[in-house]
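A quick write-up on the structure given underneath.
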Amino acid sequence: MTTTSQDTLRDDHEALCARLDAPLRAIARRALRVWFNRDRLDQILAEYIGQCPHCELIYAIDPDGRQVSSNVHVGNIDRSSYGQDLSRRPYSVTLSVLNNAAYQGAFLCDAYISQVTRRPCITVMYAVTSGPTVLGFIAADLDLQQLPAV
């Protein structure tokens, strides 16, 4: 059986999602309780960012792509990013897929150039749900040049 580059890419995608699924699920569960309290949400993101392998930035957005948290880096919280409209970012095309509460697990978006670091990155999204309602998403940005081989 011949392995194609498409197969390899899919396998890498699945492996990365698997690595981030448990930590993002834990963050989403904690974030659910404080979703409408920005300061508490920022605290949870700051507390958990170290548990997301290779994550350089983590933040929360609502279903329409509006940022509802600060940008949280390891050891730093950038409060100026709160409220920005991210609906035109390359990964926002996946929001319609993810707005279905039935979707479960980490979702890896296509690569793009980060407006924060100006480097190639990918965003892994995880839905924050309350019953059938999607409140928003935890978004974890990873620098493509810093990722080890999967």
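The values are calculated or read from the model by the stated rules, or taken from the named source; none is laboratory data. Everything quoted here is computed from the prediction, not taken from an experiment. Every residue, glycine among them, receives a Cβ derived from its backbone with ideal geometry; neighbour counts consider all protein chains shown.
Count of region 112-134 residues, restricted to those that are more than 15 Å from residue 87 (Cα to Cα) and in contact (Cβ under 8 Å) with a residue 12 or more places away in the chain, is 16.
In region 67-93, the residues that are over 17 Å from residue 49 (Cα atoms) and of a type in the set (Asp, Glu) reach residues that are at pLDDT below 95 and exposed (fewer than 14 other Cβ atoms within 10 Å of the Cβ) with C-beta atoms within less than 9 angstrom, at least six apart or across chains, in these pairs: 85/64. Taken over region 11-43, the criterion of being acidic (Asp, Glu), modelled with pLDDT under 90 and surrounded by 14 or more Cβ atoms within 10 Å (Cβ to Cβ) is satisfied by 12, 21. Checked against (1) among the hydrophobic types (A, V, I, L, M, F, W, C); (2) out of contact with any helix residue (DSSP H, G or I) (no Cβ under 8 Å at 6 or more places or on another chain); (3) not in a helix (DSSP H, G or I), residue 32 passes all but a single condition, namely (3).
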